[in-house]
Amino acid sequence: MVCVARNDEGETCNGNFFNCYSNKCLPGYSCACTDPVCDAPGTCKKTPVETACKEDADCSSTEWCKWKLSEDGRKCLDDMVCVARNDEGQTCNGNFFDCYSNKCLPGYSCVCTDAVCDAPGTCKKTPVETACKEDADCSSTEWCKWKLSDDGRKCLDDMVCVDRNDEGQTCNGNFFDCYSNKCLPGYSCVCTDAVCDAPGTCKKTPVETACKEDADCSSTEWCKWKLSDDGRKCLDDMVCVDRNDEGQTCNGNFFDCYSNKCLPGYSCACTDAVCDAPGTCKKTPVETPCKEDADCSSTEWCKWKLSDDGRKCLDDMVCVARNDEGQTCNGNFFDCYSNKCLPGYSCACTDAVCDA
């Protein structure tokens with residue numbers, strides 16, 4: 001290693017990474033980085049006079065109290081100083097503040113790239129807030145949302161009207177707080193899970209056809225209870241909705257506003273013997289009628305069919321595949337919810353009577 005000249009004002013420098021390609025600034029100058037983490041090359045600028053602080057209130061209205069960065073740019077120090085807040089279009093951090101973070105100027109707020117607001121965002125002009133208690137207090141393109149604390153850590157008791165999200169933007173099906181989003185009128189939240197608790201995507205709401213039973217809908221639809229606007233309960237109104245295709249989720253025995261049914265030619269492959277938990281739509285195998293196990297192949301057994309609504313066993317019986325090692329089985333009681341084992345395997349019961 002050799003001694004080299006430090007760079008002057010306006011020349012390039014490197015904030016956090018130093019090797020044979022890097023440059024450091026002259027005393028009295030610091031490296032103004034182009035990214036929050038300060039790994040990319042920046043420019044040498046005169047180091048401003050530092051004002052020590054303990055909290056934002058110790059600084060001017062255009063500054064905030066920030067931890068200092070070590071000279072090698074590798075860690076945050078215990079000392080805090082007042083630094084300039086960022087202007088419109090510059091980066092900011094919603095919920096987490098340290099020596100790599102930025103806050104926005106008064107009148108601007110951090111527009112985050114994720115719902116939780118942990119990732120860096122962009123400073124944008126803060127809209128005028130309209131206080132509210134419920135969605136009806138806001139315009140048709142807004143909803144009533146809890147405010148987020150300045151440090152982004154918790155939801156406040158105050159509520160304000162905020163813009164609803166457009167097509168393709170994120171939304172929340174059943175749970176709404178200061179991190180959530182609702183869709184514009186004419187759009188609904190298409191969830192990624194059957195219960196609709198995880199964030200989804202705003203998509204155009206299809207025209208609804210009222211119904212009372214599946215027979216009122218087309219062959220690719222079923223009659224489903226509507227979900228309340230807040231996603232908390234099933235309504236008495238029923239509408240025709242699309243049945244799910246191969247590989248999509250379905251519900252075996254219980255159907256409500258959170259459930260899905262499969263397209264014709266597909267049946268719900270359940271994850272539990274009783275078929276109450278959500279399963280997956282799979283192509284329905286060709287059925288072979290039977291009266292007893294002897295009518296079926298050695299890898300099948302004769303089982304009662306399940307009604308379309310999954311509520312009862314029918315009188316018809318068909319050959320179905322026996323279960324392999326590690327799959328569920330039933331010891332002494334067999335009906336349309338039961339399973340038998342392949343030849344060479346026996347059912348290891350969880351109780352002495354072998355009814356479970």
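The values are calculated or read from the model by the stated rules, or taken from the named source; none is laboratory data. Just so you know, these numbers come straight off a predicted model, no measurement behind them. Heads up, the Cβs are rebuilt from the backbone with ideal geometry, glycines too, and the neighbour counts pull from every protein chain shown. Note: accessible area is taken over every heavy atom of the protein model, side chains too, but ligands, DNA and RNA are not part of it. Shrake-Rupley method; radii C 1.70, N 1.55, O 1.52, S 1.80 Å.
For the stretch 128-144, the criterion of being over 25 Å from LYS226 (Cα atoms) and surrounded by 14 or more Cβ atoms within 10 Å (Cβ to Cβ) is met by at least one residue. Applying a threshold of 6 Å to beta carbon distances and a minimum spacing of six or more residues, or different chains, the list of pairs starting in the stretch 161-182 at a residue that is among the charged types (D, E, K, R) and ending at one that is open to solvent by 60 Å² or more (accessible area, probe 1.4 Å) and in a loop (DSSP other than H, G, I, E, B) reads ARG164/THR141.
Conditions tested, residue by residue: (1) open to solvent by 70 Å² or more (accessible area, probe 1.4 Å); (2) free of Cβ contacts under 8 Å to residues at least 12 places away in the same chain; (3) touching a strand residue (DSSP E or B) at 6+ places or on another chain (Cβ under 8 Å).
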residue	(1), (2), (3)
PHE255	no, no, yes
PRO264	yes, no, no
CYS270	no, no, yes
THR280	no, no, yes
TRP304	yes, no, yes
VAL318	no, no, yes
ARG322	no, no, yes
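Residues in the stretch 68-92 that are free of Cβ contacts under 8 Å to residues at least 40 places away in the same chain and part of a loop (DSSP other than H, G, I, E, B) were compared, and the one that is least open to solvent (accessible area, probe 1.4 Å) is SER70. Filtered by the rule that a residue be among the acidic types (Asp, Glu) and either open to solvent by 80 Å² or more (accessible area, probe 1.4 Å) or in contact with a Pro (Cβ under 7 Å, 6 or more places away or on another chain) (or both), the stretch 192-201 gives a lone residue, ASP197. I'm trying to understand the selection: among the residues of the stretch 296-326, which are within 25 Å of PHE254 (Cβ to Cβ), of a type in the set (Asp, Glu) and in a loop (DSSP other than H, G, I, E, B)? Residues satisfying the conditions are ASP308, ASP309.
Being at pLDDT 80 or above, part of a strand (DSSP E or B) and more than 23 Å from SER109 (Cα to Cα) is a property that LYS212 lacks. Listed by first and then second residue, the pairs with beta-carbon distance under 7 Å, at least 6 apart or on different chains, first residue in the stretch 326-345 and surrounded by 18 or more Cβ atoms within 10 Å (Cβ to Cβ), second of a type in the set (Ser, Thr, Tyr), are ASN330/SER338. Exactly one residue out of THR284, THR288 is closer than 30 Å to CYS217 by Cα, of a type in the set (Ser, Thr, Tyr), modelled with pLDDT of 90 or more and open to solvent by 30 Å² or more (accessible area, probe 1.4 Å): that is THR288.
Taken as a whole, the structure leaves THR113 outside the set of residues that are β-branched (Val, Ile, Thr) and modelled with pLDDT of 85 or more.
If you take the residues of the stretch 237-253 that are open to solvent by less than 40 Å² (accessible area, probe 1.4 Å) and outside any strand (DSSP E or B), which of them is modelled with the highest pLDDT? Of everything passing the filter in the stretch 237-253, GLY252 is modelled with the highest pLDDT. For the stretch 225-236, the set of residues classified as farther than 14 Å from THR205 by Cβ and open to solvent by 30 Å² or more (accessible area, probe 1.4 Å) consists of TRP225, ASP230, ARG232, LYS233, CYS234, LEU235, ASP236, listed by residue number. Is it the case, given these coordinates, that CYS329 is modelled with pLDDT of 80 or more, on the phi < 0 side of the Ramachandran plot, outside any loop (DSSP other than H, G, I, E, B) and in contact with a Cys (Cβ under 6 Å, 6 or more places away or on another chain)? So CYS329 fails the test. The residues of the stretch 207-217 that are open to solvent by 30 Å² or more (accessible area, probe 1.4 Å) and free of Cβ contacts under 8 Å to residues at least 40 places away in the same chain, listed by number, are VAL207, GLU208, THR209, ALA210, LYS212, GLU213, ALA215, ASP216.
Condition first: open to solvent by less than 50 Å² (accessible area, probe 1.4 Å), in a loop (DSSP other than H, G, I, E, B), under 24 Å from ALA119 (Cβ atoms) and among the polar types (S, T, N, Q). Can you find one or more residues in the stretch 180-191 that meet it?
Yes - at least one qualifying residue is present in the stretch 180-191.
Screening LYS204 against (1) in contact with a Gly (Cβ under 8 Å, 6 or more places away or on another chain); (2) farther than 19 Å from CYS189 by Cβ; (3) open to solvent by 60 Å² or more (accessible area, probe 1.4 Å) leaves a single unmet condition, (2).
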